[in-house]
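The values are calculated or read from the model by the stated rules, or taken from the named source; none is laboratory data. From a predicted model like this one, the values you see are computed outputs, not experimental measurements. Cβ: placed from backbone, ideal geometry, glycine included. Neighbour counts: every protein chain shown.
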Amino acid sequence: MDYVLLATSFAVILAGALMFTNAVEWAGHRLGMGEGATGSLLAAVGTAMPETLIPIVAIIGGAVGAEDVAIGAIIGAPFLLATIAMALVGISALIYRRRRPQGAGLNADAETLDRDLAFFLAFFAAGVAIGLGVPDALQIPLAAVFVLAYVVYVRRTLRAGGAVQERDTLAPLIMDRTPGLDPPGRLIVLQFAIGLGAMVGGAHLFVEELLNVAERIGVEPLVLSLVLAPLATELPEKANSFFWVREGKDSLALGNITGAMVFQSTMPIAIGLLLTDWELGRFAVLSGVLGLAGGVIAYWALRKRGRFELPPVVAWIALFAAFIVYVAVA
């Protein structure tokens, strides 16, 4: 039964992602936001909500080991985004290169990629370094710095969001019954909310059933907090980006991933600094270092090379696999 519910939750996430991406495109168009800003803000923050709630719920619950679960979820999310999520985007581009107008080449807003990846590398590295040990009195001021950094990022993203998506490139709103006309704003908001709700509900069901399956096979709780829970809750970003890559909308696809990387490397870390001791163990530090390595590869592959190629995809998968192997044998 657990496996059936696991598959059902995955299907719910995919259906929600399809509705969500469609609504996000129309929302960005109606608000006059560029594709980069639409992906990095509307899509990224919306789909980052499930994994952001996990550490908060864990800490408030106060159960034994809750703080470790919270820290694992906070560090694990950016690690997953900078490795597996990037790899899946690259694989999708390679699979659909004949369907995409640009083939396997990258057609995304360069300024958005520069900004997102620079913010991620700087603040995720700072978050990991702080976790190696700082005086308790500095945690609250440092949390304020991380929150302020994300506010600055939002302002810069809105000022330079890239080109606004043309209407004729948008697929009809799924819930709209009057094709040929711009859908009303309230319908866009309704579809946005339904899609987001399906993704959040599907992700939580996925996590619950994943935990049940993991308990049956005897997986360590640390692995769940650092890998399995973030892997499940990052499914919305991966699903959204898959659909956008398939349609050749790289600015939206990559902005969704890199925008979530920025959010996850600032706001949740601020929460961790406020509500936990923020002391990272060896597994958390390793996942953080590997996540930073994935971010460096992303900058080189997506910004400098301008193409989705096999070597960086293999490197991202290898980083994730290296962590799994280390956890398994340690």
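Quick notes on this structure:
- Taking the conditions (1) among the small types (Gly, Ala, Ser); (2) at negative phi; (3) in contact (Cβ under 8 Å) with a residue 40 or more places away in the chain in turn, Ala137 satisfies each one other than (3).
- Just one of the listed residues (Ala126, Ala58) is at pLDDT below 85 and either more than 24 Å from Lys238 (Cβ to Cβ) or of a type in the set (Gly, Ala, Ser) (or both), and it is Ala58.
- Scanning the range 168-191 for residues that are modelled with pLDDT of 75 or more, surrounded by fewer than 20 Cβ atoms within 10 Å (Cβ to Cβ) and in a helix (DSSP H, G or I) yields Gly185, Arg186, Leu187, Val189, Leu190.
- Flag if Val24 is modelled with pLDDT of 70 or more and either under 21 Å from Leu173 (Cα atoms) or of a type in the set (D, E, K, R) (or both): yes
- Inside the range 278-303, residues that are within 21 Å of Met267 (Cβ to Cβ), crowded, with 17+ Cβ neighbours inside 10 Å and of a type in the set (A, V, I, L, M) make up a count of 4.
- Residues considered: Leu88, Leu80, Leu94, Leu53. Of these, the only one that is modelled with pLDDT under 80 and more than 20 Å from Glu279 (Cβ to Cβ) is Leu53.
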